[in-house]
Structures are given as structure tokens and as C-alpha cells.
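Scroll down for the structure; my scribbles are underneath it.
The values are calculated or read from the model by the stated rules, or taken from the named source; none is laboratory data. It should be emphasised that the depicted structure is a prediction, and the values quoted were computed from it without experimental measurement. Note that each Cβ is placed from the backbone with ideal geometry, even for glycine, and that neighbours are counted across all protein chains shown. To get the accessible areas, we keep the full protein, side chains included, count just its heavy atoms, and leave off ligands, DNA and RNA. Shrake-Rupley method; radii C 1.70, N 1.55, O 1.52, S 1.80 Å.
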Protein chains: 2
Amino acid sequence: MSDAVSPLATPFPDLPPIAGVTPCVARAGYKNWGRCDLTYVELAAGTAVAGVFTRNVCCSSEVEIGRDNVALGKARALVVNAGNSNAFTGYRGREAVEQIMDQVAGHLGCAREEVFVSSTGVIGVPLPKDKAREGVTAALTASVCTWEEAARTISTTDTFPKGATATAMVGGTKVTIAGIIKGSGMIAPDMATMLGYLFTDAAVSPAFLQECLSRANTRTFSCITVDSDTSTSDTVLAFATGQAGNPALTSYDDPGADAFAAAIHDVCRQLAHLVVRDGEGASKFIAVTVTGAVSDESAHRVGLAIANSPLVKTAIAGEDANWGRVVMAVGKAGEPANRDTLSIGFGGIWAARDGLPLADYDEAPVAAHLKGQDISVEVDLGLGEGRAQVWTCDLTHGYISINADYRS
Amino acid sequence: MSDAVSPLATPFPDLPPIAGVTPCVARAGYKNWGRCDLTYVELAAGTAVAGVFTRNVCCSSEVEIGRDNVALGKARALVVNAGNSNAFTGYRGREAVEQIMDQVAGHLGCAREEVFVSSTGVIGVPLPKDKAREGVTAALTASVCTWEEAARTISTTDTFPKGATATAMVGGTKVTIAGIIKGSGMIAPDMATMLGYLFTDAAVSPAFLQECLSRANTRTFSCITVDSDTSTSDTVLAFATGQAGNPALTSYDDPGADAFAAAIHDVCRQLAHLVVRDGEGASKFIAVTVTGAVSDESAHRVGLAIANSPLVKTAIAGEDANWGRVVMAVGKAGEPANRDTLSIGFGGIWAARDGLPLADYDEAPVAAHLKGQDISVEVDLGLGEGRAQVWTCDLTHGYISINADYRS
């Protein structure tokens, strides 16, 4: 955790305990930090698991192994190491992950494939096995901690702890979801990593949990960007202990399945927004809405082209209603667009419509909107029914300071 | 032109006159600048033309019209307006371009399609027709100017004028190429635009001139990036007056054709590098070399992923040998790559080979290299024979200051 808190930070919410989920923290000492850096979450027997992972082809062993084991659908424990991503460390890094899995599996008497491991921090340094062993030993006998302590312990250079919760009624039973996430702070030579975890007491099959998570991911985590750089370790896992006692969900046809999927989506959206709110150097939270595209996928790609444009992001940092830069970003996205049907707005006010600056454009209300912390950019391509929303932050001196001013 | 000169600036070279090419400058007063802002270049009858243009679909009328007319192969004049890009201005912008074409064609007694117009500057404001008419009138009677004056006049927020030259022997005759370019400086709300012009006295068919320019473009202008944002107005035009008296070149089979193509490539490469050296906020010139890719195209895309990565660019700004960020950028490029055959180096020194940090890696010489102004990053993917080189600059506080700190 960093000392300087993001101006976009929100208070940690009141996250309820989840039956069958026991979080603990310990100190492995991966870095010279005076705080816990190893998070251990024990999960009741029968817990289902689902996950989504980075598509970076240089991914860590944790991601490779996790992707394989999520397919088996069962989980008994989660271990998160903070301060070392263990990425690009070859066989030595893989051995460290397997050691942790074996140690926890021996303690719980479960299969090693039911133990999930994530790591976040510096790249290219194998996770030290001795520190990992001692840290896990300490965690296995630690007392239960709060969600906020767990959220702080999985963090690296985040500036505030991040959590979210939602409930759903499933067949007359209330089920609860609690989620924590870390991401977006970075001090060289560390690499930002988004690690997110959802825990629910709902009874749900692994396949349907995966379907809910994958669908939510498409509309939430895949719709945020801070700086267009994709981490080697991004991971979101969802665990369902089944202890709420609801009739088990196995498909969208089951009663309450839609409510459960909506609650998963809600928690994912909250967590995704929190990562953007802790984006490096962020001073504004930006929602980009694209309508009128030839398809939703096309709208999504246009939205990301805008959200990743350094010129758009610096203009918003400067509170400048520079819609010409949005035009530029639309045009470079490589998607169908027609200059003469393109409209651009800020804060719900059109600056240009159908390829022309508005004759009666009044910049005053737009300028007032841009002085706020929550900015919206609207783009209508005027071609079809495709639409999408993406979220990002502005690009400020803070980003440069975080990533260039400090030497490794 | 900006007051603060880039630390990577180079002196304007000694550009020779080109027979059949007469540059003049005048003041149209598009902005409140105390200097000339309209460049007029008269070209002798029989001049061949070739061009490459932005692929931004929201391109300006100048680009649309220029693309059509380059296909006809003949040119008599070039007009460049600085201070207003005339992009995203609909029919009103198009009328202004056509007015300029008609005015010059009337003066020269040529077809309007032989008059090429470029504009650079603020987006979304139609080029004022009255100012354009008066500026062109003044230019048509102005006396010839130097190449350096022309290079300064096409500039907007560039920090130094940019030119390059080369010669080639064609069938026993020396032919000469002179080129000028502007690009990469920007103060909100202007949009950076790369405009480049090559002039040669060589006799060459329009089709072969286009082939030489297109091939050179692929390896030069298409290999540079400052911030990944593609302008709506990027244009490079080549004009050949034929007055050197060489046997006309029509294909690579003609004597001297290879030498001529190499000279065109040489001028394009010099001009492209000058744009990077004037990149917004640049303090380092970075060459990224990718080898071992499955194809040259794949190597090019991996190179651009590295050169566009804010994390790689800020690390180099901080003189930090953070090769983990290069690994990340390779992995996110969407191209074939294998973590376990990947090698990364700086300044010719490997930091990681075949997926592992080098055990005996000595950072001292790498740190010394990174303190310099000319930085090289080497990536070997270990998969095939594909290779490419791209050029960029670092990402500094200067970029943020130029693009966020000033209001429109």
C-alpha cells in the first residue's frame, strides 16, 4: 500500500463473512515491508471454483497452473503472495508454486489441484521457496482476519483497499457474494497486476459459476484500462462454498439464476471500477459510451481506442473539451466508422453531430462537467445498433512520476 | 515553432536546390502567429507525384482529395497551410481546399487535380476561405525561399525545422533528393500531424515513384511512433521534376533504379527519425529491434507493442533497465511468442535469455547505456527468421505538460 491515497478512493465497504470461507494473513517477507504479504483463504469442502486469466502469452506459472486447475472445478484454498509476481522465472518459479500447493494440500488433506496460488509484484525474480514455506506455515495457524485486512495484504502499490458485495435471492434463499481486488499502483520495477477474488455461499455448479464469471468479465474487467499494458499475472477467481443452502444452480433456467448472475456482475463491476479509481496518477474517472456501431464488439474496440489514447486522456486531465482528439481516436480504431455520421459529446452534451461541429455549441456546461471527478464521453457512430461502455482514468504527471521517476 | 528546442534536435542540413522546384512562403494569418504559415511550391511541367496517406478513417478533405489525385500521377504545385488542419469540417472544409486548387490552377494554367493541398493544426474549424485566398495570392508573387524557411513554415509546434537529402547515380547521371517534414510537437487543442515532402530532379514514372515511396514508407514512416495516436492528416508526397536528364526510371530493372530507391529510402528514414527526435517531451531516441519472429510483419507488430507501451517508455525515461516491462509488452502484442525462448537486451547486452534472467547479468554497462540519448532495445523471440526495427521516444513529464497543462 502506498502512502498517498488516490483522490478517487472510496471507503472500504462493510463486507459480510461468507459461510465456508476463512481468510487469514501472514508475513512471508518477500519484500522489506513492515506488513503482512501472504493471504491464505481456506474454503469448505465442496467449494466450486471458476476463473478468468490474462491473455498475455508471457504469463506466470501461477496463471498457467490456475487455468488448468479451474477446469477441474473444485477448490479448498487460495494463497496470494504480494511483492513478487514470480513471472518470467522459468522452472524455478514453477517449483515454488508447486511447493505451496503441496504444503497446503498436505495440511488440508486435499488434492494439490484444489489449491490456487497467485503472485503479484516484481517480475523476473523466482519466488523464494524458504520464505514461501515459512509464510504458509504461519498462515495455516493464524486466526481469521477481516476482509479489509485481506484486501490490504494482497495489495502492492495500491493506494486504498478494495472490496464489493452483493446479494441475490435464489429459490427463496438469500445468497451473498463478497469480493476483493488489487491493482493499478506500480513503482518500478514492479508490474501492476490485477488480482480479484469473489467468494459466495451460494450452491452453484462449477460450470455455471464459470459461465456467470466469464459473462460478467466481458462487460466489466475486460472494459477497463489504465494504460493499455496487459499484465502477465491478471487473475480473477470466484469461489462458491454452497453453504447458503439454496437449490444448486446449474443453468440460467434455474429459479434465481438470473438474480445470482446479476449479483456476480454487480460485484465484478464494482471491483473493476475500484481498480480504475486507483489507476496510476488518476485524477478523473472516465466512462466512455459508444453507440451506433455495427456491433457491440466493434463498439467495444472503438471505446478502448478512445480510452487508451494518450491524447484523449491528457486532454481530460487538462479539463479540455478537445473533441477533435476523440474524432482522431475513433478514426484510428480500425473499426467501421463514417466521419459524416459521427457525433461526439461530453457529459451528455453534444459538441459535434453528424461530422460537423455544432453551430450553437456552448462549451460552458461541458467545461463545468470536465472540472468534476466523474467524466463521461459519448460517441455515436451513426451506423447501427452496437453499443459498449468502457472505463478508464486520465493521464497525468502522477503516472510519469510513478513509472519513470523512481529507479529500480 | 516552439521556443523550447528538443534535446534531441539536430542542425538543419545543407539542402541543395532541386531543378524544377521553386518554394515560396507567405502569411495567411490562420493563427495569431508572427510568421509565415502558408508554403507554396511550384513544380515544373512534367513533374511526377506519388504519395502515402493516413489510414485514419476520419481523415481530412485534403487527404481524400490528395489520395484521388496522386493516382493521376501529375503535379504542378503544392500548398501547405499551417495552423488549421481543416479536418472534421464537412463540406465547408472541402470547399476551402477546392478554392485553393482552383486559384493555383488558374494561375498556372494547369488542371486543378495537379495542385496538392495539405493542412495541419487545429481540428474542427473550417479553413477560412478569405485568409486562404489572400495567402495564396501573396505566395504566387513571393520570391523563392530556402528549404529551411519552407521547413519552418510547414511546422506548427515542432521545436526545430527538419530536412534531409540524398543522391543517386542513375544511368551516369547524378540525381538529387531533398525532403522536408513537420510533426510531433503539439499544444492543445492542436493535433500533431506528420506532413512530409520529397523533391527530386530525377526522371521517374509516377508508378515507379509510388512504388519506391510505398516501399520506403513501410520501413520508415510506418515504423515510428510517438504516442500511438494516428493523425487524421498524415501525408507524405514525393515529386519528381525529371530535370536531371537521366534516362527515365520505370521499374527496378532499369539501370540506377536500385540506387534511386535506396536514396528515397534514405531520405525517408532520416525524415522519420527527425520526427521522433522532436517527439513531444522526448529526452531519448529509442530503437527497438525484434528478431526471431515468425515473420517480418509479426516482428513489426511486436516492435510497435513495445514502442507504444507507456510502461516501457516511462522506464526508459527513468533510465531503468526494466526488462520485465519489455516481456509484458511482447506478451500482450497478440503475436506468436514463447516465454521460454524469449531474450531481452539493452544496448547490445542481454538481460534475459531463453525465458530466464541471466545468472551473471551485470547491470552496470546497461545502466551506462540508458544514461545516453540513443537507446537500443533488442528482443529475440527465438521462433523464426522474421525481423523488424521501429523507432520511438521516451514518455516524460514533458508529454503531459504539452498535452494536459495547456487549456484550449
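How well do other chains shield peptide A:334-340, expressed as the mean number of their Cβ atoms within 10 Å of each residue Cβ?
The per-residue average across the peptide is 4.
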Could you work out how far apart the two model spin labels at residue B:146 and residue B:71 are, taking each label as a point 7 Å from the Cα in the direction of the beta carbon, and quote it in nm?
4.1
For residue A:174, which aspartates and glutamates qualify as cross-link partners when the Cα separation must be under 13 Å and same-chain residues fewer than eight apart are set aside?
A:201
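Show B:320, B:68 ordered by accessible area, largest first, where the area counts protein heavy atoms only and the probe is 1.4 Å.
Sorted by accessible area, descending: B:68, B:320.
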Between residue A:250 and residue A:294, the FRET efficiency computed from the C-beta separation at R0 = 41 Å comes out, to the nearest 0.05, as 0.70
Report, for segment A:1-123, the % of DSSP beta bridges that are antiparallel, rounded to 5.
60
Compactness of segment B:248-377, expressed as Rg and Dmax over alpha-carbon positions, Å:
17.6, 59
Considering all alpha-carbon pairs of segment B:123-270, what whole percent are spaced by more than 17 angstrom?
66
Normalised alpha carbon radius of gyration of segment B:1-41 [divisor 2.2 N^0.38 Å]:
1.54
Provide the percentage of antiparallel DSSP beta bridges, counting only those with both residues in chain A; round to the nearest 5.
70
Everything considered on the Cα gyration tensor (a ≥ b ≥ c; rounded for a/c under 1.5, else prolate if a/b is larger than b/c, else oblate), segment A:102-184 must be described as oblate
With the convex hull built on the Cα atoms of the protein assembly as shown, state its orientation-averaged projected area in nm².
34.3
Across A:313/B:129; A:332/B:332; B:74/B:129; A:182/B:284, pairs whose alpha-carbon gap is larger than 30 Å:
A:313/B:129; A:182/B:284
Applied in sequence order to segment A:21-26, the curve 6.51 cos²θ - 1.76 cosθ + 1.60 (Karplus, θ = phi - 60°) yields integer Hz couplings, x standing for Gly and Pro, of 10, 10, x, 9, 10, 8
For peptide A:347-355, the mean count of other chain Cβ atoms within 10 Å per residue Cβ is 1
Report, to the nearest whole %, how much of the accessible area of segment A:72-130 belongs to carbon and sulfur atoms, 1.4 Å probe, protein only.
49
Out of the DSSP beta bridges found with both residues in the protein assembly as shown, what percent are antiparallel (nearest 5)?
70
Applying the Karplus parametrisation 6.51 cos²θ - 1.76 cosθ + 1.60 with θ = phi - 60° to the phi angles of segment A:387-397, what ³J(HN,Hα) value in whole Hz is obtained for each residue in order, glycine and proline being reported as x?
8, 6, 10, 10, 10, 8, 10, 7, 10, 10, 4
log₁₀ of I(q)/I(0) at q = 0.06 Å⁻¹ - chain B, Debye sum with one point per alpha carbon
-0.25
Do you know the relative contact order of chain B, to the nearest whole percent, from alpha carbon pairs under 8 angstrom that are 6+ apart?
18
Any residue on another chain or 5+ positions along whose placed amide H is under 5 Å from the amide H of residue B:346 is listed here as B:351, B:378
Calc'd 3J(HN,Hα), segment B:261-276, phi into Karplus 6.51 cos²θ - 1.76 cosθ + 1.60 (θ = phi - 60°), Hz, glycine/Pro = x, comes to 4, 5, 5, 4, 4, 4, 5, 4, 5, 4, 5, 4, 5, 5, 5, 4
Using a probe radius of 1.4 Å on heavy atoms only, what accessible surface per residue do you get for segment A:186-309? Whole Å² is fine.
29
Inter-copy spacing of residue A:19 label points, which lie 7 Å from Cα along Cα→Cβ, given in nm from shortest upward
9.5
Provide a whole-number value for the mean count of partner chain Cβ atoms within 10 Å of the Cβ atoms in peptide B:308-317.
6
For a quick protection proxy, order the peptides A:348-359, B:279-290 by their average other-Cβ count within 10 Å, most packed first.
B:279-290, A:348-359
Pairing the Cα long axis of helix A:90-108 with the longest principal axis of chain A, what angle in degrees results, from 0 to 90 and rounded to the nearest 10?
60
Packing rank of B:298-307, A:77-86, where each peptide gets the mean count of other beta carbons within 10 Å, highest leading
A:77-86, B:298-307
Using the alpha-carbon centroid of each, what span in Å lies between segment B:360-393 and segment B:211-257?
28
Segment A:1-84 - Rg (one decimal) and Dmax (whole number), Cα, Å:
15.7, 41
Run lengths n ≥ 4 of DSSP H only: what is the helix-derived mean residue ellipticity at 222 nm for chain A, with -39500 (n - 2.57) per run over all residues, to the nearest 500?
-10000 deg cm²/dmol
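With 19 Å as the cut-off, how large is the P(r) tail for segment A:33-190, expressed as percent of Cα-Cα pairs?
Of all Cα-Cα distances in segment A:33-190, 57 percent exceed 19 Å.
Would you mind putting A:149-157, A:31-39, B:392-400, A:17-25 in packing order, based on average other-beta-carbon counts within 10 Å, highest first?
Working: A:149-157: 24.3, A:31-39: 17.3, B:392-400: 26.2, A:17-25: 21.0.
In decreasing order of mean packing, A:149-157, A:31-39, B:392-400, A:17-25 become B:392-400, A:149-157, A:17-25, A:31-39.
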